[in-house]
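The values are calculated or read from the model by the stated rules, or taken from the named source; none is laboratory data. As the structure is a computational prediction, the values presented were derived from the model and not from experiment. Cβ: placed from backbone, ideal geometry, glycine included. Neighbour counts: every protein chain shown. Keep in mind that these areas ignore ligands, DNA and RNA; they rest on the heavy atoms of the full protein, side chains included. Shrake-Rupley method; radii C 1.70, N 1.55, O 1.52, S 1.80 Å.
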Amino acid sequence: MSAAQSITRPANPAVALVIPVYNEELVLPELLRRLTAVFDGRPDCDWSAVFVNDGSRDRTALLIAAQSARDSRFKLVEFSRNFGHQAALTAGLAHVTQADAVVTMDADLQDPPELIPGMVTAFQAGAEVVLAVRRSRQETGLRRLGFELFHKVFQKLIDFPIEANTGTFCLLGKNAVAAFNLLSEKHRFFPGLRAWVGFKQAEILYDRQERAAGTPAVTLHNLVRYALDGLFSFSHLPLRALTYAGLLTAGLGFAIGLFFIIRRLLGVEIAQTGFTTLVTLVLFLGGIQLIGIGVLGEYLGRIYDEVKRRPPYIIKNRHGFE
Ligand code: UDP
Ligand code: MG
């Protein structure tokens, strides 16, 4: 029996949205309006939206709690402080145990909610994971350059394929969500874990919008950290590259040493100059060794974080859950 035949989908699926929010009071009214329109346009689905407030310092939580009181489809989980986008996603996924499918998305309307019904249709047709693939993006300058460079280099470095030009925007069937919830690692790179989990995939192309209002909540510094998390948790290449660099320099050192020993045995006079050569070699090798320690440190720090087994987030309270 083929995979497609074995899949039966409910006629009225329960679809839950997971939306991390951090200081998003400016976009929330528009987001809530557009989500409600999408929900009302597909009455065949049982909709809910779980917002995870990641320690916002503005009126974000207030606005969502008010919406939750008006409309029980909207729910809110509040963190005790800011734990980061990835922790918020993890918490959201842990809170949607009743859903047939879960859509993860950003709050800033860079991921247009109007795409969701199409994702649900693909899910109904049998896909367990539906990816929203960016056909284009609006970011400019350093941020755009960073994104493009990251996606290009990253594809070359990782140990198994992760779809390029995807982010958090996707639909996960409940089996994929269950698999996801089993993963306990702390340094999370969502697109990588999604590829790692597997399952039958479908894709929907879209043009990534500009942020509807406000400034990006994820700082450039955090983006770099996120990129490094992606690299170090999905690639052993940095370690392997060090081994190769070590082998190369050791081989070179051996050859040069042999060359001078033979010259000495043949009675060739050793000149007293060579200061420049020595300084260059010492600094170069010292540099390589320090890079090596740095790379080891990146892995070691992550191992340390994992073995401490601290929970990835602490919840302050919940609104709209029974
Ligand atoms: N976000 C979060 N915690 C943070 C930073 C961001 O929950 O510490 C949320 C934010 O509210 C948004 C999503 O994560 O819904 C993506 O953030 P942003 O738009 O700043 O990231 P970018 O679009 O630059 O990747
Ligand atoms: Mg954004």
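Brief remarks on what is shown
- Check on Glu139, open to solvent by less than 30 Å² (accessible area, probe 1.4 Å), farther than 21 Å from Gly167 by Cβ and within 14 Å of ligand 1 (Cβ to nearest atom): no
- Evaluation of Glu78 against (1) within 16 Å of ligand 2 (Cβ to nearest atom); (2) of a type outside the set (Lys, Arg); (3) at pLDDT 95 or above (one fails), failing number: (1)
- Restricting attention to the stretch 43-83, the residues that are without any contact (Cβ under 8 Å) to a residue 24 or more places away in the chain and in contact with a Ser or Thr (Cβ under 8 Å, 6 or more places away or on another chain) total 0.
- In the stretch 231-245, of all residues being open to solvent by 40 Å² or more (accessible area, probe 1.4 Å) and hydrophobic (A, V, I, L, M, F, W, C), the one that is nearest to ligand 1 (Cβ to nearest atom) corresponds to Leu237.
- Taking (1) open to solvent by 70 Å² or more (accessible area, probe 1.4 Å); (2) modelled with pLDDT of 85 or more; (3) in a helix (DSSP H, G or I) in turn, Gly287 satisfies each apart from (1).
- When the residues of the stretch 105-117 are filtered to those that are over 18 Å from Thr60 (Cβ atoms) and under 23 Å from the mean Cα position of the chain (by Cα), the one that is nearest to ligand 1 (Cβ to nearest atom) is Pro112.
- Single match in Glu185, Glu128, Glu163 (criterion: more than 16 Å from ligand 2 (Cβ to nearest atom), in contact with a helix residue (DSSP H, G or I) (Cβ under 6 Å, 6 or more places away or on another chain) and in contact (Cβ under 8 Å) with a residue 12 or more places away in the chain): Glu128
- Applying the condition of being out of contact with any strand residue (DSSP E or B) (no Cβ under 6 Å at 6 or more places or on another chain) and polar (S, T, N, Q) to the stretch 148-177 and asking which residue is farthest from Leu205 (Cα to Cα) yields Asn175.
- Verdict on Ala69 being away from ligand 1 (no atom under 16 Å from the Cβ) and among the small types (Gly, Ala, Ser): yes
- Taking (1) surrounded by 10 or more Cβ atoms within 10 Å (Cβ to Cβ); (2) modelled with pLDDT of 85 or more; (3) away from ligand 1 (no atom under 16 Å from the Cβ) in turn, Leu265 satisfies each apart from (1).
- Once the stretch 94-104 is narrowed to residues that are out of contact with any Lys or Arg (no Cβ under 8 Å at 6 or more places or on another chain) and at pLDDT 95 or above, the residue that is nearest to ligand 1 (Cβ to nearest atom) is Thr104.
Residues checked against (1) more than 16 Å from ligand 2 (Cβ to nearest atom); (2) on the phi < 0 side of the Ramachandran plot; (3) free of Cβ contacts under 8 Å to residues at least 40 places away in the same chain; (4) not aliphatic (A, V, I, L, M):
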position: Asp106; (1), (2), (3), (4): no, yes, no, yes
position: Asp111; (1), (2), (3), (4): no, yes, no, yes
position: Ala122; (1), (2), (3), (4): yes, yes, no, no
position: Arg137; (1), (2), (3), (4): no, yes, no, yes
position: Leu145; (1), (2), (3), (4): yes, yes, yes, no
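- Just one residue in the set Leu248, Leu228, Leu281, Leu296 is at pLDDT below 90, over 26 Å from Leu89 (Cβ atoms) and surrounded by 11 or more Cβ atoms within 10 Å (Cβ to Cβ); that residue is Leu281.
- Pick from the stretch 181-213, criterion among the aromatic types (Phe, Trp, Tyr) and over 13 Å from the mean Cα position of the chain (by Cα), ranking: most open to solvent (accessible area, probe 1.4 Å): Phe199
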